[in-house]
1. Any idea which of GLU571, GLU586 is touching a helix residue (DSSP H, G or I) at 6+ places or on another chain (Cβ under 7 Å), charged (D, E, K, R) and without any contact (Cβ under 8 Å) to a residue 60 or more places away in the chain?
2. Does ALA809 satisfy the criteria of being aliphatic (A, V, I, L, M) and closer than 21 Å to PHE707 by Cβ?
3. Can you find a residue in the stretch 662-685 that is of a type in the set (Gly, Ala, Ser), touching a strand residue (DSSP E or B) at 6+ places or on another chain (Cβ under 8 Å) and at pLDDT 95 or above?
4. With ALA868, ALA901, ALA921, ALA891 as the choices, which residue is crowded, with 18+ Cβ neighbours inside 10 Å and in contact with an Asp or Glu (Cβ under 9 Å, 6 or more places away or on another chain)?
5. Does VAL174 count as of a type in the set (A, V, I, L, M), crowded, with 22+ Cβ neighbours inside 10 Å and under 21 Å from LEU50 (Cα atoms)?
6. Is one or more of the residues making up the stretch 775-794 surrounded by fewer than 21 Cβ atoms within 10 Å (Cβ to Cβ), at pLDDT below 90 and touching a His at 6+ places or on another chain (Cβ under 8 Å)?
7. Quick one: which of THR421, THR388 is within 19 Å of ALA500 (Cβ to Cβ) and polar (S, T, N, Q)?
8. Please verify whether the stretch 814-833 includes one or more residues that are under 25 Å from GLU518 (Cα atoms) and surrounded by fewer than 21 Cβ atoms within 10 Å (Cβ to Cβ).
Amino acid sequence: MADPERKLLYLIDTYSLVFQNYHGIPMMTGPKGQPTNAVFGFTRDLRALLDRKPSHLVMCLEGGKTDRSTQFEAYKATRKETPDDLQTQIPLILEMAAGHGVPCVSFPGQEADDVMATLAVKGAAAGFEVRIVTTDKDARQVVSESIRLFNCRSGKTIGPEELLEEWGVRPDQVTDFQGLVGDTSDNIPGVPKVGPKAATELLTRYGTLEGVLEAAAPGPDAIEKSRVLNKTVRANLADPEHRKNAVLSKELATLRTDLELPMTWEDAEISVPDHDRLLTLYTELGFKRLSEEARDNSSDAPKQITGAGGYVRRKRGEQDDGAKLDAILVDTPEKFDAFLDDLREQPAFCLDLETTSTDASRADIVGWAVCWEDHKAYYIPVNAPEGTPALEPIAVLEAMRPILMDPAKTVHNQNLKYDLTVLLRAGADVATVGVDPMVADYLLAAGERSHSLDALARRHLDRRTTPISDLIGKGKDQKLMFEVEVEEVTAYAAEDADVAWQLAKLMREKLEAEHLWELYETAERPLIPILAHMEHTGIALDVPELERQSAEITARLEQLEAEIQDLAGREFNVRSNKQLQVVLFEELGLPIVKRTKTGPSTDAEVLEKLAPKHPLPAKVQEHRGLTKLQGTYVDALPKLVHPDTGRIHCSFNQVVTSTGRLSSSDPNLQNIPIRTEEGRRVRKAFVPGEPGWKLLAADYSQIELRFLAHYSGDAALVDAFTEDRDVHASVAAEIFGVPLDEVTKEQRAIAKTTNFGVIYGQSSYGLSATLGIPQDEAQTFIDAYLATYPGVRTLIEKTLSNVRNSGYAYTILGRRREVTGLRPKYIGQMNLAERTAFNAVIQGSAADLIKLAMIAVSNRLSQEGHPARLLLQIHDELLFETPADRVDDLAALVTEEMTAAMSLDVPLRVDVNIGENWLDAK
C-alpha cells in the first residue's frame, strides 16, 4: 500500500490497456452503430484507477514511428495492424480522458514505455509513490521500492521482491535478461534456446549480459554445463551472430528515462471532471448509467447535448414553460360523472393505468389516469388504502368501455401495449390506437439504449419524471400501488399521463418532419393491439412433457460428468471453471487459447478450438449446453404458466432490436436453441390450448436472401428464386463450378454459410472459424461468391455509399438506423459499422415484411370471424392455433396474406406446417 503521506502517481500504458479491453470485451455498439467496447472497458478501468485515489495520473502514448524501428527494422514487425473497429474508438478514448482532465503524453520517436519510464523515475525522485499500469515486461527494469507495476485485471503489483521471485533477477538485470531471452511480442530476437531458467542461471553466475558473453567468448565449453545450459545453449552464446543479437536485444529493451516531456506535475493532478463534456460523449456512445451520472453532476444551466436523437437537460422539477401540473383526483361518483361528460367531448386523450403488477397478464387496475390538455390530468382510483375513497372498479370499467370502443376516440400512451393487455384481462378493449411515444422515438432513434418515459421526457421536453421508487420504495419495504396514499398516486399518475400526452403530440410532429409517420401508421401502430392480443392469449404448455425432458437431461448430465471425469483421470467439479482450468491446461496440457483476469479462458470459443485436440472439451460443451437448456427453458417454463389461464404469456417488444425485429421476454421464446435435438424437443411442449385444436406454423422461406436478390437485382440470384431452385445449392454450383445435380452436401453447407456471411458482413476470419477451414480458403469462397454475383458487391458498395452520405441505413419501408464509422471506401471486407449498416437494410426490411404480414393476417382473421389465434412471432415465422376442422382454410388464408404482404422482384414463399405441437409443426 502507498504511504498516505506521500503523493501517488499512476501511469497508464494507454494502448496496452486499449487492446486488452478491445479483445477482452464482446463487441458493443452505440446508438449510431459505432463500436464502443474498447471505450467502455477503458472508461471502466480509468474510473477504477481513479477510485484508488491517486493524487496524479497520466496516460502515456506512442510518439509515432519510433527510434527502435529505425535501429532494428524487424522490431514489432509481427504486430498486426490495429483493427478498424478499434481505430475509430481511440479518439473517443482520448476525448473521455480529456473529460476527466487526464493528460495524454507522448514524445516524438519514443514509445509509451519510454514516457512511462521517464515519468516513473522522475516521479520517484520528486517523492511520488508510482504505479505503472502495464503488462509490458520492459517496464520491470524501473521497479524499485517506490515504483511498482500494477495489473488492472488481477489487482496485483510487481516490485523488486516479486520480480526476483518470478524471474530470479534484480530490476537492473531486466534488460540483460531480455537480451538473452528476447521478447516475441516485440520481435526482439535474444539468443536462440535461451529460456527464462537459463537466463536466470547465467545472470546469477555472471551478473550482466556482458559478463555472460565474456564468459562464453572462448567457446561453447567455457560456460560450465548444467541442466538448462546444454551444449546447444552454450554454442549459441558463442555464435557471433547470436552474440550481436543479444547486445541489440538489450539495447532495444532498454527504456529511456531522460526524456524532456511537455508537462508539469501540476498538469497531472487529479481534477474535477468536465461533466458536460462527458455527458456529450456518453450520450453519443449510449452509455446510459454513465450519462445519468454525468448529467446529475453537470452544471445547472440548461444546455443542448447532441446525441442520436438530441438530448436536452434542465433542472429537476422544471417544466418547459414553468407551468404547474393540475392533478385532479376523481374519487366520488359525482366527480366521475362530470369527468365522463368532459371525456366524451374529446376526440383524443392519453390513458395510463396504474396497476398491481408490471406483468400485464397478472395485473389488476388500481387507477385510471387520463389527460387531454397540457399540464392538466385526472386520476380515478378504483383500489386504494383502506378507509380512502375509491370508485367501484367494475362501474368505472363499464363507464369507460363505450368511450374506449368508440372508433372516433383516439387513445395515446407511452407503452400503450401494456395498458391494452391489462384492459383485455379486465374484459375491455380499445378501438383506435394513437401515438405511443416509446414506439415513435424508436423510429426516430433506433439505436438509443432507452425509450422510457423518463428518457423521452429528458430528451424532448426538458423534464425529469418522478421515479416509481419514490412512490412505492425498493427492496423488502416496497409497497404495492394500492397501498400508497391516493394523493401521492394522483400526483405521480397525473404527471405520467401529462408527459405522455405532450410527447404524443410532439412525436407525431417529429415523425412527420422526418418522413416516418407513414411507417408508424402502416407498420407499427396497427401492430400494437395485435401484440397486446397475442400477449393476452398466450400459448399453452405441456408441463408433463417438460418434466420428462428434464429427467432425461438430468440423466444425460450425470452420464456426461462421469465421462468427463473418466477422460480427466480423476473426479472434479465439472461446473467449476477454476477446476476445469487445472484439468485442461495443467493436467492435460492443452494450449491456452486466451486469458481472462481469473486465468486461462474456458469459454465456448476456447472449448470449440480445443475439441479437435482432445475429447474432453466437447463433452464439457455438451454439458454446459444441456445445463443452460434445462435451467433456462425446461425447468423454468413450467414456473411461468399462468395459474388462471394455464398458458405462458410472454411479452413482445417493439423497441429493443436496432433492426426493427420484434423480440420477446419473460420468457424469451425467440432464443430457444434449435441446433441440438434436445433444444428442438423443447418446442414439443408448446401445444394448442383447446381440445381438438392444432398448431399451424407459417415461415417465410430464405427471406433475407430474397431481399438480397431483390435489392441487388443480380440475375443469377433472381433467377434462382424465380425458378424456385434451392438457392444454396445454386450458389454452390456457381462458386464450385459444378452442375447443380452434382453439388454435395458439404458444398451446399459452405454455400449456405457464405450466403449468410455476406449478408452479415462476415470476414474471412469469421467464415473460417464458422466452417473450420483455413482463412485463405474462406477468403477464396468470399471472393468467388462476389465474383459470381457481381450485383451483390455493387449493392454493398451502393448501400455503404448511401449510408456514408446520409448518415442512415434505410429499409424498404423507410425505417432508418443511424450509423457512423464507415470508411471512405468499401475494400472487400466490412468493419462493424459497415456490417451494421448493410444488415440494417436487409434484416430490417425482413422485419418490415413480417410486421405487414402480421397486420394483414390479423385483419383478415377478424374480417372473416375466423376462430384461429395468432400466438407467436419468431423471426420469420408465425405460429397459430386453430380448430382442426379449420386448418385448411387457415393455411390458405395465411399463405395468401403473407405472400401478398409485399411486392418484391422475387416471389415470396411461405412454408406451412401443421401439428399437435410446435415441434411437429416445423
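1. On the way: GLU586 fails: touching a helix residue (DSSP H, G or I) at 6+ places or on another chain (Cβ under 7 Å).
Checking each option against the conditions leaves just GLU571.
2. Details: aliphatic (A, V, I, L, M): yes; closer than 21 Å to PHE707 by Cβ: yes.
Yes.
3. Here is the first cut: in the stretch 662-685, the ones of a type in the set (Gly, Ala, Ser) are 663-665, 679, 685.
Subset that is touching a strand residue (DSSP E or B) at 6+ places or on another chain (Cβ under 8 Å): 663-665, 685.
Applying the additional criterion that residues be at pLDDT 95 or above yields 685.
Yes, that holds for at least one residue.
4. On the way: ALA901 fails: in contact with an Asp or Glu (Cβ under 9 Å, 6 or more places away or on another chain); ALA921 fails: in contact with an Asp or Glu (Cβ under 9 Å, 6 or more places away or on another chain); ALA891 fails: in contact with an Asp or Glu (Cβ under 9 Å, 6 or more places away or on another chain).
Step by step, each of ALA868, ALA901, ALA921, ALA891 is checked, and only ALA868 is crowded, with 18+ Cβ neighbours inside 10 Å and in contact with an Asp or Glu (Cβ under 9 Å, 6 or more places away or on another chain).
5. On the way: of a type in the set (A, V, I, L, M): yes; crowded, with 22+ Cβ neighbours inside 10 Å: yes; under 21 Å from LEU50 (Cα atoms): no.
Taking the combined requirement at face value, the residue does not satisfy it.
6. No: the stretch 775-794 contains no residue that is surrounded by fewer than 21 Cβ atoms within 10 Å (Cβ to Cβ), at pLDDT below 90 and touching a His at 6+ places or on another chain (Cβ under 8 Å).
7. Numbers: THR388 fails: within 19 Å of ALA500 (Cβ to Cβ).
When all the criteria are applied, what remains is THR421.
8. Restricting attention to the stretch 814-833, the residues satisfying the condition of being under 25 Å from GLU518 (Cα atoms) are 814-819.
Okay, now just the ones that are also surrounded by fewer than 21 Cβ atoms within 10 Å (Cβ to Cβ), so 814.
Yes.
The values are calculated or read from the model by the stated rules, or taken from the named source; none is laboratory data. What you are looking at is a predicted structure, and each value in this text was computed from that prediction instead of being measured. So basically every Cβ, Gly included, is an ideal-geometry build from the backbone, and we count neighbours across all protein chains shown.
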